[in-house]
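Heads up: the structure comes next, in C-alpha cells.
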Amino acid sequence: MQADPAIPLLDVRDLCVSFPARGRMVPIVEHVSFSVPEAGILGLVGESGSGKSVTAMAIMGLIDTPGAQVSGSVRFRGRELVGLPPRQMRRLRGRDIAMIFQDPMTAFTPVYTIGWQIDEQIRAHERLSRTQARARTVRILGDMGVPDPERVAGRYPHQLSGGLRQRAMIAMALSCNPTLLIADEPTTALDVTVQAQILDLIRSLRGTYGSSVLLITHDMGVVAQTCDATLVLYSGRVAETGPSGRVFGHPGHPYTAALLDSIPPLYGPRPDRLPAIAGAPPQPVERPPGCAFGPRCAHVHAACTTAPPALAPLGPGHAAACVLPAEGTPLPPRTPAWGNTCP
Amino acid sequence: MTALLRRAGQTLLVLLGVSVLVFGVFFATPGADPTARIAGRNASPQTMEKVRHEYGFDRPLPVQYAIMMKKLFITRDLASYANRGERVVPEIMQAAPVTACLVCGAAFIWVTVSIAMGTVAAAMKDTWVDRGLMMLGLVGISIPVFWLGEVANLVTQNRYHDTWLFSWVPGLGYVPFSQSPLGWLRALVIPWTVLAVMFIGIYSRVLRTDLVTLAGEDFMRTARAKGLSPARVLLWHGLRTSMVTFVSLFGMDFAQLVGGGALLTEVVFGLPGVGRLTYRALTTLDLPVIMATVMYSAVFVVLANAAVDVVYLFLDPRVRDAG
Ligand SMILES: Nc1ncnc2c1ncn2[C@@H]1O[C@H](COP(=O)(O)OP(=O)(O)OP(=O)(O)O)[C@@H](O)[C@H]1O
Ligand code: SF4
Ligand SMILES: [Mg+2]
C-alpha cells in the first residue's frame, strides 16, 4: 500500500469516551488528539486510570460497554474508524491494526495451543491452508526470538514463561503484517531483563516489518528508551505532547516534569528515594473545574482553577496544557537523567 | 497406574462408608424390625424365631452387615425382605437398562437445549430474548418434576389422548428397544422431556452466567482484537472454555440420575427402572433392595467422577499438566 507522507498513519482528533455510571455519563477520555506517523513509535504515558487503555480500545473499536459513547475522529490512513460498520472494522482489526495486551498470562485462550491461536488469526484474514498458516506462524515465532518455534507452537499458554508468551503474543499481533501495532503495557507484567528484550523487539519492528507502534506505558523510562514522540495523559486529558527529545529536555507541564523526576537512572548509583508525586489523580467523576493536575501541582495558582487549560504550543509539534508557558514563567529545561536513545 | 489404584481405593472407601451408613440408619429406624415383616402379621414366636435365625437377625450387627455384603457382592443371592425369594441383584440388572435409556435420552435433550439457550441468551445479553429465555429457565427449575409428569400424563393419556396431537402416545410403561425401536421411542419421548426440563433450566442459566463472566476475560478481548467474528469468539473461545465447568456439573447430575435419582420420573411414568425399585424399597423399608440400589448408585457416582476427570484432561490442558 502506498504511504502518503502528508497523511499520518493514524490520526486521532478530539477523541472523547464516556461511560454511563449511576445514571449519568462519566467522561473518561476527553478531547484527546494525536497522530502516529508511518514507521513511528508514539509513547502514551500516564498513571493508572488515566485512560490509556480506554483510548486504545476506542481506536480498535473494542469498546462494547452498553451505553458507552465514543465521539471525535480516528482516522487510519485517512479512513474514519469511529462509526465504521462492525464488519469492516473487524476486517481491519488484527490485519491492519493489531494489539497486544498487558498480561500475557491471561491474554491467550487457555484451552488452545499457541500455534492454533496464531493460525486462527492468520486464517481469519487470509485464505491460507492450515499448513501454510502454520508455516507462517512458526516463521514469525522464530522472528520474534522464540527458540524452537515449532515446538512452542504446539504448546499451551500455561506451559510457557511470561517472556515467551509475550513474544508469542507479539508474533500473533504481527502475523498478518499490521501497519499499526498498539501495545498496551506490553512489559509491565514481565521482569526487568525480559522487559528490556521485549522493548528491543518492539523497537526493531519498524525496521523489519515497517510497523508503527503506539506504545502504552506508565513508565517514562520505557518511553525514553523507545519512542520518537511522547503523549502524556493525565486524568483522561492530554497534559503534554511532543517529540520525545523536546518533552524530555524541555517539559512544559509540571506533571511531565514530575514524571521525569521519578525515573530511576538506569546507570550510576540509584538515589535513596525517588521523588514520587504526592497525592492521587482525581476520580473521573470528581475532576476539578480547572486543571485536573491542580490539586497536586506545586505551581498551582488562581489562573489554573477556572477552566481546563488549553494546549499551548511550545515548539514544533510540542505543546502542553498548562498556563505557565503562556504566563511567561515556563519550567526550566532539564538535562535528561537518561540519554534519549531515540533521535 | 497409581492414579488408577488410588481411584479404586477411593471407590471402595466410598462404598464402605455409604453401606455402613445405610445399614446403620436402617437398624436405627424404629419400626423397621425386619423379622416381624418377613414372618407376617400375628406370627407365632416360634416362626419369628425361625425367621430371625434364618436371616441372621440374632447375630450381632457387624456380622449381619458382613453377611449382607457377602450375599450382595460375592454370592449375589441376596433376597428381598418384602418379597420373599426375590433375588435383588438380577432385579437391579433388569432395571438398569431402563434407567440408562431414560437418563441418556434426557441428558441428550438437556445438553443440546441448554447449550443452545445459554449461548443465545449470552449472545443477546440484556435483550428481551435473554430475559425471556432465563425466565423460562427459572420456570423449568421451579416446576416439580413429579407434578410436571402428572400433568403430562393427564394431557397425553386422558384429556387430549384422542386428538391427533397425542394419539401416538402409548400407555404408561416401558417398551424394550429390542422389542420395538419405535415403541421404545414413543414410550420414552415424554419422560425424557419431563426429566430434562429442570436440568435445561439449571444448565442454561449456569452456562449463560459463565459465558457472560468469560466475556470480560482478557483472552476474549484478545480474540476480538484478532478480528474474529462475534460468533466465533463466543463459540470457539467462550463456549469451549466454559465447557470445562459444564462437564463437571453434567458428570455429577448424570451419575446420580443413572444411579436411581430419576426416581420420581420413573414412578410417574411407570418405568421399571432403578429409581422405581428404590422408591418401592423405601416405601416397604426393604433393606436388601435399598442397600443394593444405594451401592449401585454410589458406584455410578464414583465412576462418573472418574469419567469427568478423564474428560477434564481432554478439555483443559492445564489439568493435563498438573496431573
Ligand atoms: N468499560 C468501562 N466502564 C466504565 N468505566 C471504565 C470502563 N473501562 C475503563 N473505565 C474507567 O476508565 C478509567 C481509565 O481506565 P483505563 O483502563 O483506560 O486506565 P489506564 O490508563 O489504562 O490504567 P492502567 O495503567 O491501570 O492500565 C478508569 O477509571 C476506569 O475505571
Ligand atoms: S495549569 Fe496550573 S495547576 Fe495545571 S499544571 Fe499548569 S501550573 Fe499546575
Ligand atoms: Mg490499562
- Message: List the residues of the stretch A:101-129 for which accessible area in the full set of protein chains is at least 40 Å² lower than for the chain on its own; 1.4 Å probe, protein heavy atoms only.
- Response: A:Phe101, A:Thr106, A:Thr109, A:Pro110, A:Val111, A:Tyr112, A:Glu120
- Which aspartates and glutamates does B:Lys125 reach when only Cα atoms under 20 Å apart count, and residues fewer than 8 places away in its own chain are ignored? A:Asp64, B:Asp210, B:Glu217, B:Asp218
- Out of B:Ala28, B:Ala116, B:Ala306, a Gaussian network model of chain B with alpha-carbon springs under 10 Å gives the largest mean-square fluctuation to B:Ala28
- Helical segments meeting 18 Å axial Cα length and Kyte-Doolittle 0.5 threshold in chain B (DSSP H): B:2-28, B:88-123, B:128-142, B:181-215, B:240-256, B:287-315
- Excluding A:Ala133 itself, calculate the net charge of residues whose Cβ lies under 12 Å from the Cβ of A:Ala133, where each Lys or Arg counts +1 and each Asp or Glu counts -1. +3
- Item | Residues of the stretch A:59-96 buried by at least 20 Å² on assembly (accessible area, 1.4 Å probe, chain alone as reference) | A:Leu62, A:Asp64, A:Arg90, A:Arg93
- Item | Heavy-atom accessible surface that A and B bury in contact, both chains counted, 1.4 Å, Å² to 100 | 2300
- Query: On a 0 to 90 degree scale, rounded to 10, what angle separates helix A:114-125 from the longest Cα axis of chain A?
  - Reply: 80
- Solvent-accessible area per residue for chain B (1.4 angstrom probe, square angstrom): 51
- Filter the GluC sites (Glu not before Pro) in the stretch B:49-106 down to the DSSP loop ones having no more than 16 other Cβ atoms within 10 Å, then list what survives. B:Glu86
- State the extension gain, in nm to one decimal, for the chain segment bounded by B:Trp147 and B:Ile67, taking 0.36 nm per residue of separation less the distance between their alpha-carbons. 24.8 nm
- Item | FRET E, pair B:Asp218, A:Ala68, Förster distance 30 Å, beta-carbon r, rounded to 0.05 | 0.95
- Message: Once you keep just the Cα pairs under 8 angstrom separated by 6 or more residues, what percentage relative contact order results for chain A?
- Response: 19
- Item | Protein accessible area in the protein assembly as shown, 1.4 Å probe - carbon and sulfur % | 62
- Item | Label-point separation in nm, A:Arg139 to B:Phe57, each point 7 Å along Cα→Cβ | 8.5
- Task: Can you tell me the alpha carbon radius of gyration of chain B divided by the globular rule-of-thumb value 2.2 N^0.38 Å?
- Result: 1.22
- Task: Name the residue, out of A:Pro66, A:Pro20, A:Pro313, whose mean-square fluctuation peaks in a Gaussian network model built on chain A with Cα pairs under 10 Å.
- Result: A:Pro66
- Extended-chain gain in nm, criterion 0.36 nm per residue less alpha-carbon gap, A:Ser33 and A:Ser48: 3.4 nm
- Cut-off 12 Å between beta-carbons: net charge of the residues surrounding A:Ser33, Lys and Arg +1, Asp and Glu -1: 0
- Message: Once you place label points 7 Å from the Cα toward the Cβ at B:Val25 and B:Leu303, how far apart are they in nm?
- Response: 2.2
- Task: Return one whole number: the accessible area per residue of the stretch A:23-124 in Å², for a 1.4 Å probe.
- Result: 36
- Query: Spin-label point model (7 Å from Cα, Cβ direction): what's the B:His161 to A:Ala310 distance in nm?
  - Reply: 8.8
- Item | Segment B:Ala322-B:Val129, length gained on full extension (0.36 nm per residue, minus Cα span) | 65.5 nm
- Note on the structure: Here FRET efficiency (C-beta to C-beta, B:Ala116 to B:Gln179, R₀ 25 Å, nearest 0.05) is 0.15
- Task: Please find, in a Gaussian network model of chain A (springs between Cα atoms separated by less than 10 Å), the residue of A:Thr306, A:Thr179, A:Thr187 whose mean-square fluctuation is greatest.
- Result: A:Thr306
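The values are calculated or read from the model by the stated rules, or taken from the named source; none is laboratory data. If you're wondering where the values come from, they're calculated on a predicted model, not measured in any experiment. Glycine also receives a Cβ, built like all others from the backbone with ideal geometry; neighbour counts cover every protein chain displayed. Quick note on the areas: whole protein, heavy atoms, side chains included, nothing else; ligands and nucleic acids left out. Shrake-Rupley method; radii C 1.70, N 1.55, O 1.52, S 1.80 Å.
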